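Below: one structure, written as structure tokens.
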Amino acid sequence: MAFYSEDVIDEVKSANDIVDVISKYVNLKRHGTTFFGNCPFHKEKTASFAVTPEKQIFHCFGCGVGGNVISFIQKIENLSFRESVEFLAEKAKITLPADDKYTTEEGREELKIKEYHKSQMFAINKEAGKFFHQNIYNSKFAQDYLKQRKLNIATIRKFGIGFALDDNSLFKYLKSKGFKEDDMLATGLVGKSDRGNLYDKFKNRLMFPIFDIRGRVVAFGGRAIGSHEELKEKHIPKYVNSPENLIYTKGRHLYGLNIAKTSEKLKKILVVEGYMDVVTPHSYGVSNVVASLGTALTENQGKLLRQYTDEVILSYDSDQAGQNAIMRGIDILQSLGVTCKVLQMEDAKDPDEYVLKYGRRKIFKAYRQQYYSCWI
Ligand SMILES: [Zn+2]
């Protein structure tokens with residue numbers, strides 16, 4: 001009997017959006033936040049079979065059957081739980097741990113160790129996030145910079161924005177908390193020199209924790225302090241991000257979604273490019289904004305968006321890269337059946353600058369007037 005960990009099952013579930021999967025069997029139509037269709041498990045003429053993407057569940061008001069994506073596959077394909085997990089994993093091209101491996105005592109032990117390391121990495125990221133955030137209150141340098149960017153303290157707190165000092169204080173702090181070297185290295189927050197000394201990898205940077213929708217810190221983005229020209233001259237990269245690792249895969253998360261998902265205006269989501277394009281509008285009361293981080297929206301991110309909204313407004317930088325990213329984003333969203341619009345910012349290179357220049361009123365007005373439907 002194969003054994004799959006909660007984590008593996010979670011991964012399979014999140015890679016298989018329920019609307020996506022059920023649509024292959026049932027003709028679904030959207031009404032508000034729910035999809036309806038004729039129940040495949042009992043004979044009916046009216047659509048009483050409901051699928052709720054936000055909760056990733058289905059329920060039939062006619063015959064009472066319900067569950068998640070795995071139980072749907074169990075029923076419709078007449079498979080066992082294990083077979084359904086394998087069926088969905090194959091669909092999403094996820095490699096499951098070898099069947100025989102986890103049937104043995106050693107295999108299970110190995111899996112347990114891996115899960116333990118993951119939990120340590122989450123714990124390290126959480127502690128690091130708190131540490132970076134605390135630095136803001138102790139660094140006049142960081143405070144001045146944030147003031148200059150017109151970020152208020154409420155927004156800084158809400159996003160857990162922090163500051164990485166120009167020393168090895170994070171490593172020392174994490175060590176004092178009893179974390180193991182290997183786990184610290186695995187998060188990418190700490191590096192190791194040729195002589196075997198450990199050091200902070202993020203230095204003198206504004207730190208943006210990236211949360212998953214469950215509110216765990218999966219990674220960090222660090223923005224160098226200083227103007228574009230200064231950084232270029234000193235050959236300092238403007239942004240440095242956590243590497244991919246056991247708990248972080250690029251293109252699987254949307255920056256700010258953990259906060260935006262509680263927004264009342266969530267009928268529409270504005271998708272922007274970078275951290276500041278999310279944070280600045282937030283501090284002006286525009287809360288339904290998330291960032292794709294990286295140039296273009298990925299299919300995984302599109303699916304994530306579809307769980308929360310049926311209308312996405314794309315607003316990327318006005319340069320060529322940004323415009324190309326919009327075209328790719330449109331393709332992905334359309335293929336997922338999400339209505340997609342484009343917000344053009346006049347006289348600003350990105351939403352961050354736009355909000356700083358024109359304030360909150362104007363951005364709402366821009367939403368209403370300037371976007372055009374990409375269906376045209
Ligand atoms: Zn039914």
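The values are calculated or read from the model by the stated rules, or taken from the named source; none is laboratory data. What you are looking at is a predicted structure, and each value in this text was computed from that prediction instead of being measured. No Cβ is skipped: glycine too gets one built from the backbone with ideal geometry, and neighbour counts run over all protein chains shown. Just the protein is used for accessible areas: all its heavy atoms, side chains included, with ligands, DNA and RNA removed. Shrake-Rupley method; radii C 1.70, N 1.55, O 1.52, S 1.80 Å.
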Quiz item: Within region 284-307, which residues are part of a loop (DSSP other than H, G, I, E, B), over 13 Å from I269 (Cα atoms) and at pLDDT 85 or above?
Solution: L293, L297, T298
Quiz item: When region 129-139 is examined, which residues are found to be open to solvent by less than 30 Å² (accessible area, probe 1.4 Å) and touching a Phe, Trp or Tyr at 6+ places or on another chain (Cβ under 7 Å)?
Solution: F132, N135, I136, S139
Self-check item: Looking only at region 260-283, and only at residues there that are small (G, A, S) and part of a helix (DSSP H, G or I), the one that is modelled with the lowest pLDDT
Solution: S283
Practice problem: Answer with yes or no whether S84 is more than 24 Å from the chain's Cα centre (by Cα) and open to solvent by 20 Å² or more (accessible area, probe 1.4 Å). | Solution: no
Quiz item: How many of the residues in region 296-333 are within 20 Å of I18 (Cβ to Cβ), without any contact (Cβ under 8 Å) to a residue 60 or more places away in the chain and open to solvent by 10 Å² or more (accessible area, probe 1.4 Å)?
Solution: 4
Self-check item: Selected residue [at pLDDT 90 or above and open to solvent by 10 Å² or more (accessible area, probe 1.4 Å)] from R214, R252, R205
Solution: R205
Quiz item: What number of residues within region 140-166 satisfy the criterion of being farther than 24 Å from P351 by Cα and open to solvent by 10 Å² or more (accessible area, probe 1.4 Å)?
Solution: 4
Quiz item: In the list K43, K13, which residue meets the criterion of being surrounded by fewer than 16 Cβ atoms within 10 Å (Cβ to Cβ) and basic (K, R)?
Solution: K43
Quiz item: Of the residues L79, L111, L96, L28, which is more than 13 Å from the ligand (Cβ to nearest atom), at negative phi, touching a helix residue (DSSP H, G or I) at 6+ places or on another chain (Cβ under 8 Å) and modelled with pLDDT of 90 or more?
Solution: L28
Practice problem: Taking the residues in region 46-65 that are more than 9 Å from the ligand (Cβ to nearest atom) and exposed (fewer than 15 other Cβ atoms within 10 Å of the Cβ) as candidates, determine which candidate is nearest to K268 (Cα to Cα). | Solution: E54
